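I have placed the structure first, in the form of structure tokens, so that the comments after it can refer back to it.
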Amino acid sequence: MRQELRAELRERRRSLSPTERIRAANDVAASLLSLPFAPQSGYVAGYWSTDGELALHAWLLGLPSNVIPCLPVLAPGKTLRFAPYFAGDPLQHNRFGIPEPVYSESSLLTAQDMQLVVMPLVGFDDEGNRLGMGGGFYDRTFAFRTAPDNAPPPPWLVGVGYDVQAVSVGTFNVEPWDVRPDAICTPTRQLLVRSTANSFSH
Ligand SMILES: Nc1nc2c(c(=O)[nH]1)N(C=O)[C@@H](CNc1ccc(C(=O)N[C@@H](CCC(=O)O)C(=O)O)cc1)CN2
Ligand SMILES: Nc1ncnc2c1ncn2[C@@H]1O[C@H](COP(=O)(O)OP(=O)(O)OP(=O)(O)O)[C@@H](O)[C@H]1O
């Protein structure tokens, strides 16, 4: 069921016009930069948009100068690590054909090193539940944010997608391993699931 829904939602985001994409990238950048927990220093991670994903270049350009942007890198065990990336740095394709920075093992950063991570959405609902590409990469990488550890942020996790990726609550089942983002930003909405490090919301 998740697979059919993913196919439909991926098709929806691929079919948006260039004008809609440019506007969405600017609006989401403003939304991300205005989050109550937007970091002023440290490492943050975005993603290199593919398959119609909402592009993050406008957000990257607007980051405070003490913030170091990173991109996800495929790591052993179907997890992610992160490598600093600045415009113009060399890239290489991973096994999904998604560009990653050309990195040395020793320069890789872990999930715990990040202040904030933007996670691409395939779908989401009004309770802030997230549907991804289906690899479980983000879920595995940030499993320490869910039971039994329930570690508080950072990293703050923020889902990003277009408004057409919204579905009603119950359209997809939430699984025990699903990591719920702390916020979801779309071009028109900023859904705060949790906005302080101390408060747990359900
Ligand atoms: N831009 C971006 N980068 C990302 C992710 C993402 O969702 N978006 N990821 C988020 O997890 C990780 C990669 N996860 C992925 C999981 C599945 C597929 C994918 O295209 N699967 C194909 C078929 C599988 C295959 O080629 O073996 C498909 O579903 O059609 C791509 C990336 C890390 N980097
Ligand atoms: N913490 C975990 N430990 C082991 N396996 C996991 C974990 N989290 C997810 N998985 C596995 O990953 C698979 C895909 O999970 P799911 O459908 O939730 O992916 P997704 O959140 O859509 O993808 P992604 O996180 O890559 O964007 C599931 O079959 C699940 O068994």
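For the reader, a short list of remarks on this structure follows.
- Model label zone, GLN190; criterion: amide N under 16 Å from point 7 Å along Cα-to-beta-carbon; scope segment 25-63: 25-40, 59-60, 62-63
- Long-range tail of P(r) for segment 1-128 (Cα pairs > 20 Å, %): 50 percent
- Looking at the chain, the DSSP beta bridges with both ends there are about 50 percent antiparallel.
- Cα centre as origin, Lys/Arg/Asp/Glu Cβ charges: the chain dipole, Debye: 120 debye
- Extended-chain gain in nm, criterion 0.36 nm per residue less alpha-carbon gap, ASP126 and ALA197: 23.4 nm
- Carbon/sulfur fraction of accessible area - the chain, other protein chains in place, 1.4 Å, %: 54 percent
- Over the chain, relative contact order from alpha-carbon pairs under 8 Å, at least 6 apart, %: 22 percent
- Taking every alpha-carbon pair under 8 Å whose residues sit at least 6 apart, segment 98-202 reaches a relative contact order of 29 percent.
- Estimated 222 nm signal from helices in the chain, with DSSP H stretches of n ≥ 4 weighted -39500 (n - 2.57), rounded to 500: -6000 deg cm²/dmol
- Computed lengthening from ARG140 to GLU11, 0.36 nm per intervening residue step minus Cα-Cα distance: 43.9 nm
- Solvent exposure ordering (accessible area, 1.4 Å, most first) of MET133, MET1, MET114: MET1, MET133, MET114
- For the chain, the solvent-accessible area works out to 48 Å² per residue, with a probe of 1.4 Å and every protein chain left in place.
- Less than 5 angstrom separates the built amide H of VAL193 from those of ALA183, ILE184, all sequence-distant by 5 or more or on a different chain.
- Put simply, the amide H of TRP156, placed in the peptide plane, has neighbours under 5 Å in LEU116, VAL117, leaving out anything fewer than 5 places away on its chain.
- The stretch between GLU175 and HIS57, if pulled fully straight at 0.36 nm per residue, gains 39.3 nm over its current Cα-Cα span.
- Each label was represented as a point 7 Å from its Cα along the Cα-to-Cβ direction; for SER34 and GLN3 these points are 4.1 nm apart.
The values are calculated or read from the model by the stated rules, or taken from the named source; none is laboratory data. The structure presented is a predicted model; accordingly, all values stated were derived computationally and were not measured. A quick note on method: Cβ atoms are made from the backbone with ideal geometry, for glycine too, and the neighbour counts reach across all protein chains shown. Note: areas computed on protein heavy atoms with side chains; ligands, DNA, RNA excluded. Shrake-Rupley method; radii C 1.70, N 1.55, O 1.52, S 1.80 Å.
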